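Coordinate-derived values only; no laboratory data. Since the structure is predicted, the reported quantities are computational estimates derived from the model, not experimental observations. So basically every Cβ, Gly included, is an ideal-geometry build from the backbone, and we count neighbours across all protein chains shown.
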């Protein structure tokens, strides 16, 4: 009590960086230069879809939502936890960052429950239930940089496909018990835009009041809504600071991005 | 100094267990019941070959040796570090074993060098160079049960396919600095046989003198030679005890198996 918490940066990168080897290498070099405690969460990119196609799987969609059936789960586990996670870890190690790659099953770090939706069977999709904060703290205090893929488990032997944005925000909420957490969502845009066609329309600061207004006006819509809902939820549960923007914001504190506050 | 070392069991399972879901489930339940510090090392099984075939890769062989070209490396990373490793970890977690899955890249736990053979280019195959013993000790002392797949890295960003028997023996040698290590190689036979057709021909104890004799007589040959060479090398470098046999030896100390001593 009264002791200052150590800081922790959690950075989530999307599939667009994963799909671009040159950009990924640059990002991982920049990530390695961030001082202090840090966690990387990575999305999947297109290689799971490509792999699924090349072994003849047909994507299962209901109401425009992708369903993770058993063959698709096997593919995402292979690609996210295997190919992407291990290559990211190896590149970070080459940058002298002591990265360690995790699914939620490893050390029971992220336990989830299979989604139980009244009308849609999403298949093997997990909603995060709890984070093993003591073990996460032990790892970070041992100098480890955890690298999470978007796979969790139900503690009954079942792996589950899980949204990477949610993983980042649940890790941030859990870690905020013991660290002062900054959460950074990196994607292909400079920030939250009021006009998706105009990179100059970045909202530099957004609070819940402005968010409600912009949703009503229709300036913020579709995929950005769950992302921002995640953000406000995280802030209300103890996360200190959240930014959304291009990953250049990580090395240039002057770079334009969206800061989110309650 | 003068303090008794804690014990550590290192268990290596081969592809035959991985390929048999019922046997794997039984093994993982038995493994979970082993008391004290432990590490699991798993081989690959047939699914990498099946996956390679289903995406149209043609196995590259030189002099009967499999060559790990880049497309094959991608497959073994996906299958060994992704599918197999994460499913094994999830099953162990369901058995209340706090498993954490690793490639050698994770935490730089096992660094290797790309094999440099005078006449054969094995491709992306690694020979183990060093084990990060302090981190391994920290993990084990935190109650973690490490689960290693047969993938390492060169610390320059390159993942490398690495023999699982060698990984087990190098982990055992390194860990014997800080633990009293028992190494168990589990495979489909009851032990080292003098007649491969006769399960009753198990050699119950073998030392280096008997090994030399049986090699000369041709009773021990082919794949068993590198396995036993690994064992005698490990014993000469500090490993306390080595057993080769069927995995039933883990739960039944009366089960017939081969004990190896210097």
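Using alpha carbon coordinates only, what is the Rg to Rh ratio of the stretch A:102-250, with Rh defined as the Kirkwood radius? Mind dumping the intermediate values first?
Values: Rg = 16.6 Å, Rh = 16.7 Å.
Across the stretch A:102-250, the Cα-based Rg/Rh ratio is 1.00.
Can I get the semi-axes of chain A's equivalent ellipsoid? Compute them from the C-alpha gyration tensor as square roots of 5 times the eigenvalues, in angstrom, largest first. Numbers along the way, then the final one.
Details: eigenvalues 134, 111, 77 Å².
Ellipsoid semi-axes (Å, largest first): 26, 24, 20.
Report the label-to-label distance for residue A:50 and residue B:69 in nanometres (one decimal), using points 7 Å from each Cα along the Cα→Cβ vector.
Rounded to a tenth, the inter-label distance reads 1.7 nm.
Between the label point of residue A:53 and that of the same position in each other copy, find the distances and list them shortest first in nm, with every label point placed 7 Å from Cα along the Cα-to-C-beta direction.
So the distances to the same position in the other copies read 2.5 nm.
Among bridges DSSP assigns within the protein assembly as shown, what percent are antiparallel (round to 5)? Walk me through the numbers before you get to the answer.
Working: 30 of 90 bridges.
Of the beta bridges lying entirely in the protein assembly as shown, close to 35 percent run antiparallel.
At a Förster radius of 30 Å, what calculated FRET efficiency corresponds to the Cβ-Cβ distance of residue B:229 and residue B:58, to the nearest 0.05?
Numbers: r = 31 Å, r/R0 = 1.04.
So the FRET efficiency works out to roughly 0.45.
Calculate the radius of gyration of the Cα atoms of the stretch A:37-177 to one decimal place, then report Dmax, the largest Cα-Cα distance, as a whole number, both in Å.
According to the Cα coordinates of the stretch A:37-177, Rg and Dmax are 15.3, 48 Å.
Please work out whether the stretch A:187-262 counts as rounded, prolate or oblate from its C-alpha gyration tensor, where a ≥ b ≥ c are the square roots of the eigenvalues and a/c under 1.5 means rounded, while otherwise a/b larger than b/c means prolate and anything else oblate?
Values: a/c = 1.84, a/b = 1.07, b/c = 1.73.
Here the stretch A:187-262 falls in the oblate category.
Could you pull the Rg and Dmax for the stretch B:167-221, using just the Cα atoms, both in Å?
Here Rg and the maximum Cα pair distance are 13.9, 40 Å.
Only helical DSSP H runs with n ≥ 4 go in: add -39500 (n - 2.57) per run for the protein assembly as shown, normalise by residue count and round the 222 nm mean residue ellipticity to 500 deg cm²/dmol.
Values: 18 runs with 172 residues, N = 524.
That comes out to -9500 deg cm²/dmol.
In nm, to one decimal, how far is the modelled label at residue A:200 from the one at residue A:119, with both set 7 Å along Cα→Cβ?
4.3 nm
Report, largest value first, the span of the C-alpha coordinates of the protein assembly as shown along each principal axis, in whole Å.
Computed over the protein assembly as shown, the largest-to-smallest principal extents equal 86, 56, 49 Å.
For residue B:248, place a label point 7 Å out from Cα along the Cα→Cβ vector, do the same in each other copy, and report the separations in nm, one decimal, smallest first.
Going from nearest to farthest copy, the values are 6.7 nm.
Hey, which residue of B has the C-beta nearest the axis mapping B onto A, and what's the distance in Å?
Spelled out, residue of B and its Cβ distance from the axis onto A: B:82, 1.
Can you tell me how the stretch B:66-112 classifies by the Cα gyration tensor, rounded, prolate or oblate, using a/c under 1.5 as the rounded cut?
Numbers: a/c = 3.87, a/b = 1.70, b/c = 2.27.
In terms of gyration-tensor shape, oblate.
What does a probe at residue A:217 reach in the stretch A:171-204, counting residues whose amide N is under 13 Å from the point 7 Å along Cα→Cβ?
A:193-196, A:201-204
If packing is taken as the mean number of other Cβ atoms within 10 Å per residue, what is the order of B:126-137, B:203-214, highest first? Before the final figure, lay out each step's value.
Numbers: B:126-137: 18.6, B:203-214: 14.6.
Most protected by this proxy first, the peptides run B:126-137, B:203-214.
Once the Cβ-Cβ distance between residue A:248 and residue A:6 is put in as r, and R0 is 25 Å, what FRET efficiency do you end up with, to the nearest 0.05? Please report the intermediate quantities before stating the final value.
Numbers: r = 26 Å, r/R0 = 1.03.
According to the calculation, E is roughly 0.45.
What nm distance separates the two modelled labels at residue A:95 and residue A:188, each placed 7 Å from Cα along Cα→Cβ?
2.1 nm
What nm distances, shortest first, do you get from the label point of residue A:222 to those in the other copies when the point sits 7 angstrom along Cα to Cβ?
Nearest to farthest, the other copies are at 5.9 nm.
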